[in-house]
1. Compute the signed sum of charges (Lys and Arg +1, Asp and Glu -1) over the other residues within less than 14 Å, Cβ to Cβ, of E20.
2. Assuming R0 = 35 Å, what is the FRET efficiency of R3 and E84, from their Cβ-Cβ distance, to the nearest 0.05?
3. Rank L59, L94, L33, L81 by accessible area, highest first, at a 1.4 Å probe radius?
4. Testing the spin-label approximation: label points 7 Å from Cα along Cα→Cβ at F37 and S16. State their distance in nm.
5. Can you give the local net charge around N76? Use residues other than it whose beta-carbon is closer than 15 angstrom to its beta-carbon, Lys and Arg +1, Asp and Glu -1.
6. Once label points are set 7 Å from the Cα along Cα→Cβ at both L24 and S71, what is their separation, rounded to one decimal in nm?
Amino acid sequence: AFRIKMVKFNIREMISAIIELLELKAKPTGIQLQVNFSPEVPEEIQNDADRLRQILINLVVNAIKYSPNDSVVKINVDPFLDQEIKIEIIDYGLGIKKEDQSMLFREFGRVLDTDNLAVNPKGVGLGLWISQKIAQQ
């Protein structure tokens, strides 16, 4: 199990640093990373900064990996319910067939169709499973 360490941190700075880091991965393919912070999102939140960073990096890397060249990956940060925020990663990649969606969060779960294997032949299907386990803590 993962240990959760709750700390206060600046969510805007964290996401901006992640985008700055991952722009190096996106740039060779012409993919642009766009971040949209709702003005209602507080600068400081309390959460496990290391675990949240790990989840966001995994999701944005997946979005970059599966998006076509010269496209956009959007990260939207909005208020959600009373004291929460919602972070959406939006890409225009291959998509996942309805019948394959149940595999996404399984350990070693992979979509094994030709298009997905061409984009990510070496993936083992742990990234989303790990991210889900962290998020559920």
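1. Its environment carries a net charge of +2.
2. 0.95
3. These residues rank, largest area first, as L81, L94, L59, L33.
4. The two pseudo-label positions are separated by 0.6 nm.
5. -2
6. Roughly 2.5 nm, to one decimal.
The values are calculated or read from the model by the stated rules, or taken from the named source; none is laboratory data. Just so it is clear, the model here is predicted, and its values are computed rather than measured. Backbone-built Cβ (ideal geometry, glycine too); neighbour counts: all protein chains shown. Accessible surface is based on the protein model in full, side chains and every heavy atom, while ligands, DNA and RNA are left aside. Shrake-Rupley method; radii C 1.70, N 1.55, O 1.52, S 1.80 Å.
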